[in-house]
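Okay, so here's the structure we're looking at.
The values are calculated or read from the model by the stated rules, or taken from the named source; none is laboratory data. These numbers come from a predicted model, not from an experiment. So basically every Cβ, Gly included, is an ideal-geometry build from the backbone, and we count neighbours across all protein chains shown. Just so you know, the surface numbers come from the protein's heavy atoms only, side chains and all, with ligands and any DNA or RNA stripped out. Shrake-Rupley method; radii C 1.70, N 1.55, O 1.52, S 1.80 Å.
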Amino acid sequence: MPATNRHLRRYLQPTGLECHDHAQWVLPIRGDLQLEVGGSGGRVDLLQGAFVAPGETHDLEAQGDNCCLIIDCHAGVLDDDTLEHLCRQRWLALPKGIRHQLQNIRTEGTANDPLPQLLRYFGRDGSGARLQALCMSIAKSPGGDWSVARMAAEVGVSGSRLHALFAREFALSPQAWVSAARLRWAKQQLVGSRASISDIAQRAGYSEQSALTRALRRESGLTPRQWREAGSSFGQDTLPGTA
């Protein structure tokens with residue numbers, strides 16, 4: 001296989017616009033970050049990575065302590081069909097096997113290369129294609145009525161089968177995945193928009209603002225207002241409650 005480069009990177013300040021002639025996988029090991037790719041913005045965290053195609057402008061900004069595994073794939077590593085397929089999904093719902101590999105890198109410094117598993121899972125006709133499509137739909141509209149029945153219908157399986165698929169691939173229930181997507185979206189909006197906290201909570205699918213507050217405090221130790229203030233004063237090394 002042609003050369004690939006892997007390196008761990010911690011982001012202490014915005015990168016500014018970058019563009020390179022190789023493909024890149026951005027896989028968080030710790031913390032979460034705001035990523036803009038080709039004019040489209042989203043967050044990456046322990047449950048969601050991203051793929052950047054060759055020649056795409058992108059920039060990245062962290063909020064608090066973070067560490068990412070960056071995999072650079074130079075010309076010849078990915079064929080044109082695979083590149084096109086990966087560009088269509090962009091945001092990658094990371095299955096538990098890949099998350100486990102990433103955490104091993106964090107805690108043990110293991111040298112296992114996750115790229116083969118990434119390509120098996122996310123490549124053309126990969127085993128996760130149906131779930132990836134569902135996860136993309138949830139990420140685009142987290143405030144929707146994502147009942148188990150609706151999610152199962154989109155994947156084309158029964159409700160019990162959907163639970164089994166999520167448990168196998170992500171080690172989470174479908175509802176837990178939706179909750180994570182809603183909180184990810186709300187965190188992005190708190191920092192990247194001027195919308196009121198109550199409006200963000202409603203659009204994210206929370207029954208009331210206090211539900212968002214509880215979810216964010218449970219994950220980060222911060223209230224929505226504190227998260228927003230910390231994001232607006234970006235540049236500090238770490239945030240309270242992050243690790």
- request: Return only the number of the condition from (1) surrounded by 19 or more Cβ atoms within 10 Å (Cβ to Cβ); (2) free of Cβ contacts under 8 Å to residues at least 60 places away in the same chain that Q175 does not satisfy.
  value: (1)
field: Filter result for A167 (under 22 Å from K96 (Cα atoms), assigned to a helix (DSSP H, G or I), among the small types (G, A, S) and open to solvent by less than 20 Å² (accessible area, probe 1.4 Å))
entry: no
message: So in the range 48-64, with the set limited to residues that are at pLDDT below 90 and outside any strand (DSSP E or B), which one is surrounded by the fewest Cβ atoms within 10 Å (Cβ to Cβ)?
response: G64
Candidates G231, G235 - the one that is surrounded by 18 or more Cβ atoms within 10 Å (Cβ to Cβ) and at pLDDT below 95: G231
message: Being among the hydrophobic types (A, V, I, L, M, F, W, C), assigned to a helix (DSSP H, G or I), at pLDDT 90 or above and touching a strand residue (DSSP E or B) at 6+ places or on another chain (Cβ under 8 Å) is true for just one of I105, I98. Which residue is that?
response: I98
message: Going by what's in this entry, would D45 be described as under 23 Å from W227 (Cβ atoms), open to solvent by 20 Å² or more (accessible area, probe 1.4 Å) and more than 13 Å from the chain's Cα centre (by Cα)?
response: no
message: Six or more apart or on different chains, Cβ atoms under 7 Å: show the pairs whose first residue is in the range 119-133 and under 11 Å from L165 (Cα atoms) and whose second is modelled with pLDDT of 85 or more and in a loop (DSSP other than H, G, I, E, B).
response: G128/P95; R130/G156
